[in-house]
Amino acid sequence: MLGAAWQSLRRNDATLRRLAKAFEEAGHELYLVGGSVRDAMLARLSHDLDFTTDARPDAVMGILEPMAETVWDTGIEFGTVSALVGGLEVEITTFRADQYDGQSRNPEVTFGDTLEGDLVRRDFRANAMALKLSAAGEHEFCDPLGGLADVAAGVLDTPDSPEVSFRDDPLRMLRACRFVSQLGFEVAPRVAEAMAAMADQIQRITVERVAVELNKLLLGTTPWEGLDLMVEAGLADFVLPELPRLRMTQDEHKQHKDVYWHSLTVLRNALVQEQNYGVEPDLELRWAALLHDCGKPDTRAFTDSGQVTFHQHEVVGAKLVRRRLRKLKFSKQLVKDISQLVFLHMRFYGYGDSAWTDSAVRRYVTDAGDLLPKLHMLVRADCTTRNKRKGARLRRNYDDLERRIEELKEKEDLAAVRPDLDGNEIMEILGLKPGPEVGQAWAFLKELRLDRGPLGRDEAIAELRAWWDAQRG
């Protein structure tokens, strides 16, 4: 594993040695630390590297400024200086020996004097390894807490007792879920027990920090595993209660597939669809996949024959998604896009039962707008039936819908369906001044365009005048 780490670091060794030389000449030590060392061992090192040093922040600034392309001091009050050096983004933090009050997650920032003191305050032992850098390239691996063994075993355990660690910073519990998603690790039994006992402490964390962790978790390689840990530990009850609410049970006479596991399966399928469509990990798609059925608990009903129904769960779900994401202080665009995907995810299911007209296809495309590629992936991910014949039929139907969309795109500009006449033309033809009547006329022509496709100017004028006469008559 150490060999893999050296291999990962080799491409950056010139910059590492250059940094080490600058710190050595200034009489200080410099260590690559934390997640950067862990990721090097896992052969997944990024271009953002974390370092720690005995030098105080002002001294770090003085060392970096002559050699860096850019230096940022936005985190200097917490002992962190960031810079761009040799094309690498580096973040260098002075040894820390913080004290926590157990009430908030904001420590009293104090600087330490030893590497061991800095490492022992970190969240997990797998993130508490360091590499002492040498200008000569003779870098020294430092692992006083046994982090290497944890990485090899794929385990997340805390340097101190998990109760002390999580009391100091409850966000670490959510970080554990995120690392399970990103790294495929498991939490140690004592960590899982502490998370379950202390889950309510996550309420001390600001929603902004929670949202950052949830997004990172969802963008991991196995997000369903991190989410399941979050639910089992009870953390989801406080940060994403819509998810554990999906764990609905039925008696033996009212069976239906478990909505919770179905949702995690759809999320898993969404990652497959990202690969199939050749796109990067998509946060909007993954949120929509996870929460697409969150309206089902509020819409569940039973027929006289005992069948379960969830009528209009997509409408209720879209409202719940908007409410939750606003509480997490997501951007307006993210809230709008994710809730719209949830709202639209059931639209396709009438396609195979009765052939859609071209008008219905246009409306599907128009309502999805720029979200259409994500809607394609979401709908395909949602086809989780165990009935192989039904699954194959759904896939064929969606293949056919995509084919028809492409055929219409060749004839029409479906990405920007607009009336055949604009507002100025409407006012000129009908002799109107700006006002609500112009908007009503425009909306009529838009509906006509969706129903019948492009009309041409003469036909559009005739239809507009006929509509206007009927309005006034």
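Filtering the stretch 108-164 to residues that are hydrophobic (A, V, I, L, M, F, W, C), part of a loop (DSSP other than H, G, I, E, B), more than 21 Å from Glu193 (Cα to Cα) and touching a Phe, Trp or Tyr at 6+ places or on another chain (Cβ under 8 Å) leaves Val109, Met129, Leu133.
The sole residue among Asp298, Asp304, Asp358 that is farther than 28 Å from Val272 by Cβ, open to solvent by 10 Å² or more (accessible area, probe 1.4 Å), in contact with a Gly (Cβ under 7 Å, 6 or more places away or on another chain) and modelled with pLDDT under 95 is Asp358. Write out, first by first residue and then by second, each pair whose Cβ atoms fall under 7 Å of each other, whose residues are 6+ apart or on separate chains, and whose first residue, in the stretch 61-84, is closer than 19 Å to Asp113 by Cα while the second is assigned to a strand (DSSP E or B) and open to solvent by 30 Å² or more (accessible area, probe 1.4 Å). If the second residue must be assigned to a strand (DSSP E or B) and open to solvent by 30 Å² or more (accessible area, probe 1.4 Å), the pairs left are Met61/Val71; Gly79/Phe111; Thr80/Glu91; Val81/Val71. If you filter the stretch 205-247 down to residues that are in a helix (DSSP H, G or I) and free of Cβ contacts under 8 Å to residues at least 12 places away in the same chain, you find that the one that is nearest to Phe330 (Cα to Cα) is Val212.
Annotation note: of Leu131, Leu148, Leu171, the sole residue that is surrounded by fewer than 22 Cβ atoms within 10 Å (Cβ to Cβ), within 20 Å of Thr80 (Cβ to Cβ) and touching a residue at least 60 places away in the same chain (Cβ under 8 Å) is Leu171.
The residues of the stretch 56-67 that are under 36 Å from the mean Cα position of the chain (by Cα) and of a type outside the set (D, E, K, R), listed by number, are Pro57, Val60, Met61, Leu64, Met67.
When you check Val71 against the structure, is it among the hydrophobic types (A, V, I, L, M, F, W, C), in contact with a strand residue (DSSP E or B) (Cβ under 9 Å, 6 or more places away or on another chain) and buried (at least 21 other Cβ atoms within 10 Å of the Cβ), yes or no? Outline the logic, then answer.
Details: among the hydrophobic types (A, V, I, L, M, F, W, C): yes; in contact with a strand residue (DSSP E or B) (Cβ under 9 Å, 6 or more places away or on another chain): yes; buried (at least 21 other Cβ atoms within 10 Å of the Cβ): no.
Judged against the criteria, Val71 is not a match.
Looking only at the stretch 344-355, filter to residues that are more than 30 Å from the chain's Cα centre (by Cα) and open to solvent by 60 Å² or more (accessible area, probe 1.4 Å); which one of those is modelled with the highest pLDDT? Selected residue: Ala355.
Of the residues that make up the stretch 367-378, is at least one assigned to a loop (DSSP other than H, G, I, E, B), closer than 26 Å to Glu213 by Cα and either open to solvent by 10 Å² or more (accessible area, probe 1.4 Å) or in contact with a Ser or Thr (Cβ under 6 Å, 6 or more places away or on another chain) (or both)? If you could, list the steps in order and put the result at the bottom.
Initial filter on the stretch 367-378 (assigned to a loop (DSSP other than H, G, I, E, B)): none.
Checked against the condition, which is being assigned to a loop (DSSP other than H, G, I, E, B), closer than 26 Å to Glu213 by Cα and either open to solvent by 10 Å² or more (accessible area, probe 1.4 Å) or in contact with a Ser or Thr (Cβ under 6 Å, 6 or more places away or on another chain) (or both), the stretch 367-378 yields no hits at all.
Screening Pro144 against (1) at pLDDT 85 or above; (2) within 32 Å of the chain's Cα centre (by Cα) leaves a single unmet condition, (2).
A single entry from Glu407, Glu425 fulfils the requirement of being assigned to a helix (DSSP H, G or I) and open to solvent by 80 Å² or more (accessible area, probe 1.4 Å): Glu407.
Considering (1) at pLDDT 90 or above; (2) part of a loop (DSSP other than H, G, I, E, B); (3) not small (Gly, Ala, Ser), the lone condition that Arg44 does not fulfil carries the number (1). Restricting the stretch 19-52 to residues that are among the charged types (D, E, K, R) and more than 11 Å from Glu91 (Cα to Cα) leaves a set whose member that is surrounded by the fewest Cβ atoms within 10 Å (Cβ to Cβ) is Glu25.
Could you check the stretch 277-295 and list, in sequence order, the residues that are acidic (Asp, Glu), in contact (Cβ under 8 Å) with a residue 60 or more places away in the chain and open to solvent by 40 Å² or more (accessible area, probe 1.4 Å)?
Selection gives nothing.
Scanning the stretch 197-224 for residues that are charged (D, E, K, R) and open to solvent by 30 Å² or more (accessible area, probe 1.4 Å) turns up Asp200, Arg204, Glu208, Arg209, Lys216.
Here's the yes/no breakdown for (1) among the hydroxyl-bearing types (Ser, Thr, Tyr); (2) over 22 Å from Ala236 (Cα atoms); (3) in contact (Cβ under 8 Å) with a residue 24 or more places away in the chain; (4) open to solvent by 40 Å² or more (accessible area, probe 1.4 Å):
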site: Phe310; (1), (2), (3), (4): no, yes, no, no
site: Val321; (1), (2), (3), (4): no, no, yes, no
site: Asp337; (1), (2), (3), (4): no, yes, yes, no
site: Val342; (1), (2), (3), (4): no, no, yes, no
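Any residue in the stretch 324-338 that is modelled with pLDDT of 95 or more and acidic (Asp, Glu)? The answer is yes; a qualifying residue exists. Name the single residue, out of those in the stretch 251-276 being at pLDDT 90 or above and over 24 Å from Pro241 (Cα atoms), that is least open to solvent (accessible area, probe 1.4 Å). Selected residue: Glu274. Annotation note: Cβ proximity below 8 Å between a residue of the stretch 374-386 that is touching a residue at least 60 places away in the same chain (Cβ under 8 Å) and a residue that is outside any helix (DSSP H, G or I) and β-branched (Val, Ile, Thr) (sequence gap 6+ or interchain) occurs for Met377/Val279. Counting residues in the stretch 452-467 that are modelled with pLDDT of 80 or more, loosely packed, with under 15 Cβ neighbours inside 10 Å and closer than 21 Å to Gly369 by Cα gives zero.
Residues of the stretch 330-361 that are assigned to a helix (DSSP H, G or I), in contact with a helix residue (DSSP H, G or I) (Cβ under 7 Å, 6 or more places away or on another chain) and within 27 Å of Leu320 (Cβ to Cβ): Leu334, Val335, Asp337, Ile338, Ser339, Gln340, Leu341, Val342, Phe343, Leu344, Arg347, Phe348. Filtering the stretch 263-311 to residues that are hydroxyl-bearing (Ser, Thr, Tyr) and in a strand (DSSP E or B) leaves only Thr309.
The values are calculated or read from the model by the stated rules, or taken from the named source; none is laboratory data. All values reported here derive from a predicted model rather than from experimental measurement. Every residue, glycine as well, gets a Cβ built from its backbone with ideal geometry; the counts of neighbours run over all protein chains shown. The area values use the complete protein model at the heavy-atom level, side chains included, leaving out ligands, DNA and RNA. Shrake-Rupley method; radii C 1.70, N 1.55, O 1.52, S 1.80 Å.
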